[in-house]
Each structure stands twice: as structure tokens, then as C-alpha cells.
Amino acid sequence: MQPFLRYSFLLLCLTVVLFTAKTGHAQEQKPMSRVAAEHLVREEYAAAIPLYEDMTKKKPDINLLRKLAYCYAAINAYDDAVRTGKRITVLPQANATDWLALGDALKSCAKYEDAKAAYVHAGADTSVKVQQRIAGCDSAMVWKKATAGYRVSNYEYINTPLSDWGAVPYPGNDVVFTSAYSRFEVLDPKAKWVLYNDARTAEPFLNIYVLDSTHFDLIRGLAPPFNRYQFHTGPVAFSSDYNTAYFTVTNVNKINRPKQKALPAIKAGDRRLELFISKRNNGAWQKSIPFAYNKAEAYSVGHAALSKDGKVLYFTSDMPGGYGATDIWYCELQADSSWSVPRNCGPVINTSEQDDFPTINDDDGLYFSSKGHVGMGGLDIFYARGAKDTWQPPQNMKSPVNSEGDDFYFTRRDAITGLLSSNRSGGKGSDDIYLVTAENIPPEKKIMIRTWVLQTTVLDEQRNVLPGATVRVDDSLTNRTWTQQTNASGRTYQLIDPAIMYKVSAYKQEYNSRHTYANAQRDNTADTVHVELILAQETQWHKGDTFELKDIYYNFDKWAIRADAQPALDNVAKIMQAHPGIRIELASHTDCRGSDAYNMTLSQRRAESAAAYLVRKGIDASRIVSKGYGKRRLANGCDCAAGKTCSEAEHQQNRRTVITVLSE
């Protein structure tokens with residue numbers, strides 16, 4: 001270490017010691033919970049975690065555990081997030097959000113079956129999110145078995161034990177990337193590097209570097225205008241001629257924090273981003289200027305990507321008017337070289353969750369990462385053709401490009417190779433850069449956009465086609481609905497978005513209705529998703545007949561009619577409307593958990609809930625007798641009193657409704 005640097009380092013250490021001595025006593029006066037909460041609000045997760053761990057060792061306070069799980073998820077420590085999530089979900093106060101968070105952590109550990117079970121616990125309150133995530137688990141298990149024709153390898157020379165990501169091609173076969181590794185010796189003397197770490201992750205702050213691919217012993221800092229900031233710098237996007245650069249800088253100094261005794265609400269993303277622009281003149285990068293729409297006191301603007309002609313600038317922001325946590329936006333270049341007011345890329349790209357890290361392909365195709373589209377883990381990489389706010393449905397890049405971890409910042413080097421960033425297992429650090437190489441695929445077919453078609457076939461129980469049946473397709477994301485009649489072959493066809501889960505239902509007079517769910521990404525081998533619905537003819541009811549209503553189940557400890565139970569009750573209402581003389585008993589049953597008295601009350605409420613649903617459908621209340629039998633008539637051998645250990649599915653079979661025809 002040079003003498004000046006050694007002196008500076010010792011002076012810094014002395015300052016830290018004196019500051020700690022001065023302020024330590026004041027901090028000791030604060031309760032540990034408040035100190036931890038202050039770290040959490042400032043996103044200092046590395047400092048908050050040991051405090052929450054200590055406070056929850058002996059007393060499993062659910063609110064403190066939730067904050068601990070949030071911290072682990074924020075720094076992508078998914079194994080610890082799973083461990084904490086399991087501690088939360090055994091507590092009686094656990095809710096749907098807790099189960100959803102546990103499912104996400106399990107999914108990011110590639111424990112897909114366990115994740116699906118956790119998502120089921122999340123319940124109807126989060127039905128769209130649950131369906132999307134379960135579809136992602138199912139897709140991931142398929143994609144891992146049939147990889148998408150790429151080889152992914154760790155770019156070992158770049159990667160370190162710390163975070164390395166955001167790699168982009170640079171002239172001369174070089175690679176520009178962002179790293180937390182303290183390569184101070186290769187930074188320009190004018191760079192503003194610091195010795196302390198980011199309290200969020202306990203890693204050093206990011207800087208931008210260049211790897212000379214022809215001389216692998218040379219890694220240097222990019223020019224001084226890029227690495228002159230106090231906090232994180234990177235990633236960077238270049239114009240096609242590499243004479244203009246758009247790079248991201250973290251800014252925590254402009255945020256307006258309320259001055260009050262009570263702590264402000266926790267809001268992810270408070271370490272806000274800004275874009276800066278530098279131009280090259282005579283080979284030298286000039287002093288950077290801020291992007292016109294930076295507003296760090298209110299929201300983030302960062303992670304830029306530029307269209308090939310330089311006329312459209314894409315970026316990530318959580319500015320007002322978006323669809324979710326972060327969205328991808330764009331500005332258009334004006335005649336006076338200014339940028340237009342930002343516009344959102346729209347709901348085809350953006351979701352209710354995180355959409356981030358846009359990059360542009362040579363043909364202006366958009367790569368980006370998302371947690372809202374159906375994916376394999378945390379962030380998945382997607383590809384979409386289009387521009388501005390008009391896009392074809394994004395395609396998941398599948399395995400091995402995507403993994404159970406966070407996969408992001410995909411850039412194309414040429415038609416054969418690309419670079420991506422990921423925190424997947426097996427890497428050298430928290431985030432690593434990977435080289436992607438296409439295998440046995442002609443260059444012109446490296447990226448293919450397919451039109452996905454949903455083909456629905458409606459049959460009777462003898463597998464005869466049913467022309468004239470009504471097929472209804474419900475879009476779970478936007479709540480749009482399409483209705484068609486089956487043709488002479490008993491089929492309908494509907495164009496669908498591969499990222500969306502659809503509910504497909506079939507109806508025909510004198511037949512019971514049926515429904516199922518379909519998602520294009522579950523089928524990675526064909527452009528047509530095949531759905532088959534078999535309709536049974538309506539049962540002729542006679543006095544004394546007893547039968548169980550299929551699909552009439554209830555959530556544990558609940559009596560409300562679930563959405564998936566409504567079609568079966570609709571069929572009952574339809575039959576009773578067609579046969580006014582029919583009078584029925586609705587008998588409801590519980591599983592074996594809980595006391596006899598409690599289950600009798602619960603089952604009675606369930607029976608009355610089903611009866612009330614039929615009344616709302618126009619059935620006279622005098623035609624329905626509601627009866628709760630509690631746990632006295634179990635449908636299977638799942639008897640708690642006998643010491644039987646049962647799965648949730650077995651318990652669910654007992655939470656059922658049975659109809660007995662009293663008169664016809």
C-alpha cells in the first residue's frame with residue numbers, strides 16, 4: 001500500500017473509532033427493536049439481520065420474523081428466507097402473504113413441489129399470483145428436463161467472491177461490467193472510491209470495469225467520468241457507435257425522509273437510482289451530465305438500454321403511473337436532441353411486480369427480467385419483439401438461461417453468444433457473469449417468436465365430439481373473457497399470451513359444465529396448447545338419491561364458497577330451475593381437526609353458505625334443507641382421533657358437500 005493511502009486508511013480508522021465511542025452510548029439507550037427497524041428502513045439489511053435473529057431466538061414474534069424474512073429475501077439469501085418463512089407459517093397468525101413469501105423463497109431454491117404446496121396455502125386472496133407462481137413451478141420442472149439449446153458457463157476470469165454483473169460487449173472484443181470487488185489499484189486516480197462497504201449487503205460499492213479479452217491479465221476501471229460517485233455505479237449501456245454512454249448511479253442523498261419520532265414505513269427501493277450520460281470526444285470520455293428525468297427525491301430512474309438507431313431510450317423506473325414495483329419505460333429522441341417525456345412500455349411487458357434490466361438486441365428485440373411473468377425462480381430473463389409500447393408477448397428464455405435464482409441483464413454479443421448475470425447456485429460469488437452459447441441452432445433461428453394457440457376440444461363421456469358447446473376462456477391477468485361455440489369437430493381456437501394463466505370452461509345444455517386451467521409455457525415443444533374437456537350428461541335426480549358435489553371444497557377453518565366451487569353449485573341451480581319440484585338436503589362435512597362442537601358449527605355454516613349461494617341464483621329457500629354433520633362422516637380414513645397423520649389433500653377431501661334428493 002502506498003504511504004499516502006496507508007496514512008489515509010489509518011486516519012479513516014481513527015475517525016471511525018472516535019465516532020463509535022461518541023455515539024455508542026446513545027445507541028445503547030435505544031431498544032434493540034428500534035435499532036433494527038432503523039437499519040431496515042435504511043435498507044441496511046446486513047446490520048439488521050443479526051439483531052432480528054437475536055430477538056427471535058427465544059420468542060418467535062411474528063412481526064419480527066417477518067422483518068427478518070424480508071431482510072433475507074432482499075439480499076437473496078433464500079435458504080435463510082426459507083428457514084425463517086417456515087418459522088412464520090407454523091404460527092397461528094400466519095396469513096396468505098406469509099405463505100406466498102415462503103413459496104417464493106422455496107421456488108428460488110428449486111424446491112418446486114414444496115413451493116407449490118406453500119402457494120396453495122396462500123389461498124384465494126392471492127389467486128392470480130398463486131396461479132402464476134404454480135405455473136412457473138410446473139414450467140421450471142419441465143424446462144430443466146428439456147433445455148432450450150444453449151450452453152451456459154461461468155465466465156470465471158471476471159467473477160470474484162463478490163457481486164459481478166451487467167456485462168456488455170465493448171469494441172476490441174472487450175467486456176465492460178460492474179463489480180463490487182475492490183480493484184482499487186486499476187481505477188483511475190480521479191475515481192472516487194471508498195473503503196467502507198454498502199450496509200445493505202456488507203459488500204463494497206460497485207464500480208465499472210473493462211476486461212481486455214485479448215490480454216486476460218488486464219482488467220481496468222472504465223474512464224474517470226464513470227467511477228467518480230460515492231455509492232454504486234453501473235451498469236452502463238452504449239450507443240451503437242460507442243460514443244455515448246448511459247450509466248446508473250445510486251443516490252441516497254436526495255431522498256426526503258420524514259423527520260418524526262415514529263419510523264417511516266418500510267419501502268423497498270429507497271436507495272434510488274439516477275441515469276447519467278457521458279459522450280466521447282476525440283477518444284476521451286467527457287464529464288457526465290444527469291438525465292433530464294432524474295428525480296431521486298421521489299423515484300428511481302436507471303438501467304438504460306438504447307435502440308440500435310439511438311432514437312429510443314429504455315430504462316427502469318418506479319415513477320408514478322406504472323403497473324407494479326418497477327416498470328420499463330421509454331423516451332424518444334426529439335429534433336433538438338432532447339428526450340421526450342417518459343412513457344410506459346405497457347402491460348404486455350410490465351406486470352404488477354418487478355420488471356427490470358432492459359437490454360436491446362441487434363434487431364431491436366427487448367430482453368428484460370421479470371418476477372411477474374411466469375418464471376422459474378426469482379427474476380427470469382424474457383425476450384420480446386416490438387418497440388415503445390407495442391410488443392408481442394414475451395417469451396421465457398427457459399433453462400439453462402434461466403434458473404431457480406435471479407437471472408438478469410442478458411446481452412447479445414453476436415448470433416451465437418451472449419452474456420447474462422445470475423446468482424444461481426454453483427457460482428463464485430453473490431452475482432456472477434455467465435457466457436451463453438447456442439448449440440446446434442442456425443444463427444437465424446436463435447430467437448424465435450411463436451404464435452401460441454389454445455385448442456379446446458369438448459367431448460362427452462363416450463368421447464364423442466360435442467358441436468355447439470360453449471367454450472369460455474378467462475384471462476387471469478386482465479380479467480378479459482372470450483366465448484366461442486365449438487365447431488363440427490367439437491373444437492374452438494383462441495390466440496393466447498404465453499405468459500398468462502387461462503381458465504377454460506365448457507357448457508352445453510343437458511350436460512354438466514367443466515373447467516380447467518391452461519398456460520402456454522407448460523408446453524415447450526409445440527405452438528398449440530391442447531385442452532380437452534369431457535362433459536357428463538346431467539344426472540336425473542330421483543327421491544332418495546344421494547351424491548357428493550364434486551369440486552365443492554372449503555379452505556381450512558373457512559365456510560365461504562370458493563371461486564372453484566361456484567361452477568358445481570351453478571349446475572345444481574340449473575337442474576333445480578329446470579325441475580321445480582325437486583327439494584334437497586345440502587349436507588356439509590368437515591375434516592377431523594378441531595372439537596366436535598366447533599366442527600358442527602363450522603359444517604352448519606358451510607351448508608348454509610352453499611344454500612345461500614343457490615338462493616342468490618334464484619332457488620327458493622324452502623326447497624333447500626341445510627344440515628351440518630361436523631366430522632362424524634369422514635370420507636376417508638383420515639381420523640385424527642385414531643392418530644392418523646394426513647396430508648392437506650386428504651383433509652380437503654373431507655371438507656365436502658353432499659346432496660340428498662328429498663322430493664322430485
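Brief remarks follow.
- Listed pairs Lys116/Lys617; Lys111/Lys428; Lys543/Lys617; Lys295/Lys388 exceeding 26 Å between Cα atoms: Lys116/Lys617
- For region 546-663, the percent of C-alpha pairs falling in each 10 Å distance bin, counted from 0 to the bin holding the largest distance, reads 15, 48, 28, 9, 1.
- Given Lys287/Lys308; Lys129/Lys508; Lys86/Lys107, the pairs whose alpha carbons are separated by over 19 Å: Lys287/Lys308; Lys129/Lys508
- Cβ crowding within 10 Å ranks Asp318, Asp475 as Asp475, Asp318, fewest other Cβ atoms first.
- Spatially proximal aspartates and glutamates relative to Lys144 (Cα-Cα < 12 Å; intrachain offsets below 8 disregarded): Glu404
- Protection proxy ranking, peptides 420-432, 276-288, average beta carbon neighbours within 10 Å, highest first: 420-432, 276-288
- Region 30-145, dipole about Cα centre (Lys/Arg Cβ +1, Asp/Glu Cβ -1), debye to the nearest 20: 140
- Distance between the C-alpha centres of region 594-656 and region 130-172: 47 Å, rounded to the whole angstrom.
- Taking Asp362, Asp474 and counting other C-beta atoms within 10 Å, the order from fewest to most: Asp362, Asp474
- Computed on region 30-145, the Cα convex hull volume stands at 103 Å³ per residue.
- Residue exposure sequence - Ser369, Ser513, Ser127, Ser317 - by fewest surrounding Cβ within 10 Å: Ser127, Ser513, Ser317, Ser369
Values quoted throughout were computed directly from the atomic coordinates according to the rules given, and no laboratory measurement underlies them. From a predicted model like this one, the values you see are computed outputs, not experimental measurements. Here Cβ is always computed from backbone atoms with ideal geometry, including for glycine, and neighbour counts include all displayed protein chains.
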